[in-house]
1. What helices in the chain pass both tests, a Cα length along the helix axis of 18 Å or more and a mean Kyte hydropathy of -1.0 or higher, using whole DSSP H runs?
2. Which one of Thr7, Thr393, Ser314 is farthest out on the positive end of the charge dipole of the chain, using unit charges on Cβ (Lys, Arg +1; Asp, Glu -1) and the Cα centre as origin?
3. State the volume of the convex hull built on the alpha-carbon positions of the range 62-178, expressed per residue in Å³ and rounded to an integer.
4. For Leu101 and Leu533, compute 0.36 nm times the residue count separating them, minus their Cα-Cα distance, and round to one decimal in nm.
5. Filter the cross-link list Lys48/Lys535; Lys215/Lys406; Lys222/Lys401; Lys77/Lys245 down to pairs whose alpha-carbon distance in this structure exceeds 22 Å.
6. Compute the relative contact order of the range 37-124 as a whole-number percentage, counting only Cα pairs closer than 8 Å that sit 6 or more residues apart in sequence.
7. Determine, at each q value in 0.20, 0.21, 0.26 (inverse angstroms), the log₁₀ of I(q)/I(0) that the Debye formula gives when each Cα of the range 80-130 is one equal point scatterer.
8. Taking a cut-off of 16 Å, what percent of all Cα-Cα pairs in the range 459-546 are separated by more than that?
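What follows is calculated from the coordinates using simple rules that are stated; it is not laboratory data. Quantities reported herein were computed from a predicted structural model and do not represent experimental measurements. Here the Cβ is made from the backbone with ideal geometry for all residues, glycine too, and neighbour counts use every protein chain on show.
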Amino acid sequence: MKYLLLTLISAMLLSVSWPTYGIPFFIFTALVPLLMMEHGVSKFSDYKRKSWMVFGLSYLCFVIWNVVTTGWLYGSKNPDGSHSMMAVLFPVLVNSFLYSLVFQCYHWYKNAQGTYWGLAFFAAIWMCFEKFHLNWELTWPWLNLGNVFSDYPKVIQWYDTLGATGGSFWILLINILIFYTIRIWEAGRKRKSLIINASLVTVLIGLPMIISIIKYNQFEEKPIGEVNVLLLQPDLNPYGEKYSKDSITILKELLTLAESNSKGKIDYYIAPETAIPGRGSISETAFEKSELLNSVKDFLSKHPQSVFATGISSHQYFFNKEKLPKDAYQINDRVWVESYNSAVQIIPNQKVEVYHKGKLVPGVEIFPYMNVLKPLLGDAMINLGGTVASLGTDKERVAFKNPFNKGKLAPIICYESIYGEFTTEYVKKGANFLTIMTNDSWWGVTEGHRQLLSYAKLRAIETRREIARSANSGISAHINAKGEILEDTFYGDQTALFAKINLYEGKTFYVRSGDLLSRISMFALGFLLFYFLIKWFQNKIQKKKN
């Protein structure tokens with residue numbers, strides 16, 4: 001019961017720390033009970049299968065954490081309108097298993113090498129796992145520890161140096177030090193050691209926050225310009241209305257929304273992810289002939305020197321089997337097609353610029369490891385009213401230049417906004433403000449859309465760029481370079497939001513270096529594994545000699 005209670009306390013602390021309803025400061029102790037459980041089971045219990053006990057209890061902890069923080073995934077629906085259990089069960093169970101596997105590796109290494117080396121291994125392998133979770137095809141970094149302070153931007157202004165992954169390391173380090181302090185006290189009951197370690201923990205928690213508040217109050221970056229942006233929020237039901245309404249009607253309603261809210265000069269009209277068309281998609285070889293896109297150009301002709309950026313569904317046809325992109329699929333004997341979740345910038349008398357979403361939602365926009373899994377699973381992808389085949393992606397980010405002013409727009413599409421180092425690639429391409437075109441309507445009125453909005457604040461701090469966020473049903477928002485929401489909308493409103501966006505140049509240390517602590521952790525993990533192997537070989541040789 002003692003070990004179960006410790007497990008449940010960790011699960012509770014992890015859960016109540018999470019945005020957008022929690023108090024993140026609990027995260028500094030959230031892993032301590034779990035570490036105490038592992039130590040107790042390993043050193044003081046009579047269980048015959050201690051590793052299984054550690055794995056089972058840690059899995060219980062991580063399942064509870066995942067359910068409480070991402071259970072909103074149940075709000076997604078199947079095409080028939082029923083809720084999709086697979087949409088929540090698969091991410092929760094698999095993600096919990098991966099976290100438990102990381103913890104199990106720590107348990108094995110600690111038992112082999114001792115507590116001190118084991119704790120160093122714990123920090124290194126957790127950091128490496130988070131980095132891995134940012135990059136593989138089943139990517140799901142929603143619960144990376146550094147995300148936890150997204151609703152408290154004043155205390156994480158130093159993320160412009162080390163990013164959200166730096167936040168993960170900070171949290172891990174403090175949890176490890178608190179656990180170590182408890183162990184030292186239990187072992188020796190020495191007050192001096194307790195005071196020293198407790199003081200160190202206090203400094204490590206407080207110093208980054210003090211630095212952050214100073215950076216917040218002294219933020220003096222001068223913008224190179226300003227643009228007027230109108231964020232459109234059409235509130236189009238993604239399950240029924242989008243696919244039953246005529247595409248021309250959908251676009252007409254979007255442009256009517258834009259026109260009715262155009263007061264004064266508008267430099268950018270920003271519409272959400274896949275705002276057009278309705279059913280189907282637009283051929284990229286016929287952009288200049290598209291009735292829908294030309295209707296947007298006609299609208300812009302009434303608003304001189306305005307630019308329209310929007311999310312669209314698009315595709316390209318291919319007729320040569322030898323030159324097919326990897327995600328193209330065959331539609332008849334001679335024709336293949338690759339589909340995209342795209343962003344376009346539309347300007348009258350200019351060629352339409354396009355960017356294809358680079359980070360896809362596993363199981364919805366991408367069939368993970370298709371060559372391996374498709375022969376086993378067939379087309380068993382989670383169908384949320386979207387694609388049942390992998391979409392194509394762009395290998396590089398882009399920045400859409402505005403010919404009428406200094407604006408250079410980063411066309412970030414929905415899920416991409418979770419990824420810190422990935423987002424810096426837009427800035428490296430010259431983007432001086434970020435747009436997020438998103439559709440958070442799949443999950444209804446849940447924490448899902450609130451958390452995704454909250455994570456966008458991290459990207460603003462990391463890059464020191466203002467964000468114009470256009471969401472289909474909300475929340476659309478203007479976020480400044482300090483990660484504060486200056487204006488926003490209500491979820492479920494059909495509306496538009498006007499924002500004056502400051503344009504910033506320069507690159508933060510995080511933009512230049514990316515997830516530096518994650519890469520250092522990879523080297524540390526390699527060293528620790530190498531050290532273990534050396535010790536293992538030495539012990540083996542010594543036994544033979546004896």
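1. Taking the DSSP H segments of the chain (at least 18 Å long, mean hydropathy at least -1.0), we get 2-16, 50-70, 85-113, 115-133, 159-188, 191-217, 247-260, 447-463, 516-545.
2. Final value for the positive-end residue is Thr7.
3. Values: hull volume 15.2 nm³, N = 117.
Given the Cα convex hull of the range 62-178, per-residue volume reads 130 Å³.
4. 153.5 nm
5. Long pairs (Cα-Cα over 22 Å): Lys48/Lys535; Lys215/Lys406.
6. Normalised by residue count, the contact order of the range 37-124 is 27 percent.
7. For the range 80-130 at q = 0.20, 0.21, 0.26 Å⁻¹, log10 I(q)/I(0) is -0.68, -0.72, -0.90.
8. Of all Cα-Cα distances in the range 459-546, 70 percent exceed 16 Å.
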